[in-house]
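These notes concern the structure reproduced below.
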Amino acid sequence: MHAIRLLPLLLVPLVVALQDAGPGDAPGWREGRGWGWIWGEDDEHGALNHMSDATRLEALSLVTEGRVYDLGVTFSRRSFVWPGHSATEVMTFRSPDGLRRQADLDFTLPEVNRDRLGWHSCSLFVSDNVATQIDGLGHIVGGDQTHAYNGIPLDELSGDFGVRRLSAAGIPPIVNRAVLLDIAGLLEVDALPASFAITPAHVDAALERQGTEIRVGDIVLLRTGTLRHWGEDGADHDTLATHDSAGITLETARYLVEQKGALALGSDTSGLEVSPAPEGSSCFVPVHRYLLLEQGVHILEFHDLEELARDEVWEFCYMGTTNKIAGTTAGFALRPIAMR
């Protein structure tokens, strides 16, 4: 057992057995507690452990039309990124013209390549926290005894070539019922204003307006309208930065997880939570701290929710898988879909 688990745990809920769930609760979740460190000492999947063949079949039963909604945004070297992540560069590594000019590969020489075949390949320098993405549980650490989700200490987590545990490569494929809360639509604005705080009252009002129900084990996505301004590839940094600061409060995160049973939370912004953090917060990203570190709840970011809102698709089957790149702290530049 990790030594940190022998210390008083102020950052996380108490570890409890799955069988302690009360009547009517889903396996692993309890009203007023949420999820937490409950899946065993070696767990690295968090609340996603709740998914099963049965929940996937239930999600797939929502698909009655075969309609696909693309939730991914187009990302390029010009795209907006949160200032805590690196810039991106896409560079052509090999090109048909370069191959012919340099003649450095025997199989591309004219005498053995009469059809003059060539190819393009690119080298990428990119953060693992850009564009449409899923924050992995190794993304956030904290506490006096610095640790990540499930008490995994920093000396087991960090390394020179990415994280050694809790890598986004280990996030299981997600097929799950999801609910959209159109907060921008509720307030009748194209996009929420800068630093707008989404409260539990907004959640309840959106659910009532839409006639929508959140069930235990659902993915919940909140629309701020930020991605109305993404355009071709997110090059309008100033406008995006303004609306990108709208998001949920810690109280709202707790409400969605501990009272509604959300399995994962996401939005159409780069960080889900309101920025800057409300006065009195214990850190600059209290929602990330609570979800990733305490609850084991993954965060879905920069999901394009515009078409879903336009068509008033409030519940759907969500499908998303991460790139299996070992050591990454987020599944990045993804293309999840919603099906109805």
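Annotations for the structure displayed:
- Criterion: within 12 Å of the chain's Cα centre (by Cα) and either in the same structural domain as S167 (by TED's automatic domain parsing) or buried (at least 24 other Cβ atoms within 10 Å of the Cβ) (or both) - qualifying residue of L308, L256, L265: L265
- Some residue of the range 180-198 being under 17 Å from the mean Cα position of the chain (by Cα) and hydrophobic (A, V, I, L, M, F, W, C): yes
- Any pair with Cβ under 9 angstrom, 6 or more apart, that starts in the range 43-55 at a residue that is over 10 Å from G296 (Cα atoms) and touching a residue at least 40 places away in the same chain (Cβ under 8 Å) and ends at one that is crowded, with 19+ Cβ neighbours inside 10 Å and charged (D, E, K, R): T55/R177
- Some residue of the range 205-218 being surrounded by fewer than 23 Cβ atoms within 10 Å (Cβ to Cβ), closer than 23 Å to A333 by Cβ and at pLDDT 95 or above: no
- Out of A333, A338, one residue alone is under 22 Å from L192 (Cβ atoms) and either under 16 Å from the mean Cα position of the chain (by Cα) or assigned by TED's automatic domain parsing to the domain that holds T199 (or both). It is A338.
- All conditions in (1) touching a residue at least 60 places away in the same chain (Cβ under 8 Å); (2) surrounded by 24 or more Cβ atoms within 10 Å (Cβ to Cβ); (3) more than 12 Å from the chain's Cα centre (by Cα); (4) in a helix (DSSP H, G or I) hold for E294, with the sole exception of (2).
- A single member of V90, V112 is among the hydrophobic types (A, V, I, L, M, F, W, C) and closer than 30 Å to E301 by Cα, and it is V90.
- When the helices (runs of 4 or more DSSP H) confined to the range 86-194 are screened for residues that are in the same structural domain as W230 (by TED's automatic domain parsing) and not β-branched (V, I, T), those reaching at least 3 such residues are found at 154-157, 183-186.
- Against the test of being in the same structural domain as V179 (by TED's automatic domain parsing) and crowded, with 24+ Cβ neighbours inside 10 Å, the options G231, G247 yield a single qualifying residue, G247.
Conditions tested, residue by residue: (1) modelled with pLDDT of 95 or more; (2) surrounded by fewer than 22 Cβ atoms within 10 Å (Cβ to Cβ); (3) of a type in the set (F, W, Y); (4) assigned to a loop (DSSP other than H, G, I, E, B).
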| position | (1), (2), (3), (4) |
| --- | --- |
| T242 | no, yes, no, no |
| A277 | no, yes, no, yes |
| H303 | yes, no, no, yes |
| Y318 | yes, no, yes, no |
| G327 | no, yes, no, yes |
| R335 | yes, yes, no, yes |
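- Qualifying position, being closer than 30 Å to L124 by Cβ, at pLDDT 95 or above and assigned to a helix (DSSP H, G or I), among L57, L48: L48
- For V203: the one exception among (1) under 24 Å from A47 (Cα atoms); (2) outside any helix (DSSP H, G or I); (3) touching a Phe, Trp or Tyr at 6+ places or on another chain (Cβ under 7 Å): (2)
- First in the range 111-124 and in contact (Cβ under 8 Å) with a residue 12 or more places away in the chain, second anywhere and small (G, A, S) and surrounded by 10 or more Cβ atoms within 10 Å (Cβ to Cβ), Cβ under 6 Å, 6 or more apart: H120/S95
- Filter pass, R228 being touching a residue at least 60 places away in the same chain (Cβ under 8 Å), of a type in the set (D, E, K, R) and assigned to a helix (DSSP H, G or I): yes
- Among residues of the range 64-85, those that are more than 20 Å from G320 (Cβ to Cβ) and either in a helix (DSSP H, G or I) or touching a strand residue (DSSP E or B) at 6+ places or on another chain (Cβ under 8 Å) (or both), counted: 2
The values are calculated or read from the model by the stated rules, or taken from the named source; none is laboratory data. None of these values were measured; they are calculated from a predicted model. Using ideal geometry, Cβ is built from the backbone for each residue, glycine included, and neighbour counts are taken over all protein chains shown.
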